[in-house]
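Inspection log for the structure reproduced underneath, given as structure tokens.
The values are calculated or read from the model by the stated rules, or taken from the named source; none is laboratory data. A quick note: this is a predicted structure, and the numbers were derived from the prediction, not measured. Please note: Cβ atoms are built from the backbone with ideal geometry, for glycine as well, and neighbour counts cover all protein chains shown.
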Amino acid sequence: MLSDVPYSDHLAACSRCGLCLTACPTFKISGAESESPRGRVQLMLLEATRNIDPHTARPFLESCLQCRKCEPVCPTGVRVTDSINEHLGANRMDARLRLWRARAKFIWQTLATRH
Ligand code: SF4
Ligand code: SF4
């Protein structure tokens, strides 16, 4: 049940307004909903309510740069980054490794789109 998830308030607070989309660097590069704050929140929601297979969301959550640019623009105060970290259940070292991988991927994608 969603209420069993500690960050469920944040997932449920997303109104899907899309105001966060243009603030998100990974969405700007990929144009993919699954690489946007809204998409990541919806994927976590679907996993938490067991409406998609476990771990389906993982690659899209791991590609989050943890930049928090989506959070100040969110009218309902969804804390995307904290929710992702809780969802992945990562310890500090895992989170750091994940972040470096995501940043390296982002730099690679940014360079690739310039050609
Ligand atoms: S701005 Fe906030 S409420 Fe709107 S889609 Fe993004 S996360 Fe959801
Ligand atoms: S914290 Fe993640 S979801 Fe939010 S803007 Fe940065 S990359 Fe996008």
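A few points about this structure:
- Residues in the stretch 34-59 that are more than 10 Å from ligand 1 (Cβ to nearest atom) and surrounded by 16 or more Cβ atoms within 10 Å (Cβ to Cβ): Ser34, Glu35, Leu43, Met44, Leu45, Glu47, Ala48, Ala57.
- Beta carbons closer than 6 Å, at least 6 apart along the sequence or on distinct chains, pair a first residue in the stretch 5-21 that is among the hydrophobic types (A, V, I, L, M, F, W, C) with a second that is at pLDDT 90 or above and away from ligand 2 (no atom under 14 Å from the Cβ) for Leu11/Leu45; Ala13/Thr76.
- Residue that is within 19 Å of Ser15 (Cα to Cα) and free of Cβ contacts under 8 Å to residues at least 24 places away in the same chain, where the choices are Arg114, Arg68, Arg79: Arg68
- Checked against the criterion of being charged (D, E, K, R), out of contact with any Ser or Thr (no Cβ under 6 Å at 6 or more places or on another chain), under 19 Å from Arg98 (Cα atoms) and in contact (Cβ under 8 Å) with a residue 40 or more places away in the chain, the stretch 33-53 has at least one qualifying residue.
- Put simply, of Leu19, Leu11 the only residue that is within 12 Å of ligand 1 (Cβ to nearest atom), surrounded by 12 or more Cβ atoms within 10 Å (Cβ to Cβ) and within 27 Å of Gln109 (Cα to Cα) is Leu19.
Okay, residues lined up against (1) within 21 Å of Pro6 (Cβ to Cβ); (2) small (Gly, Ala, Ser); (3) part of a loop (DSSP other than H, G, I, E, B):
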{"site": "Arg40", "(1), (2), (3)": "yes, no, no"}
{"site": "His55", "(1), (2), (3)": "yes, no, yes"}
{"site": "Cys67", "(1), (2), (3)": "no, no, yes"}
{"site": "Pro75", "(1), (2), (3)": "no, no, yes"}
{"site": "Asp94", "(1), (2), (3)": "yes, no, no"}
{"site": "Leu97", "(1), (2), (3)": "no, no, no"}
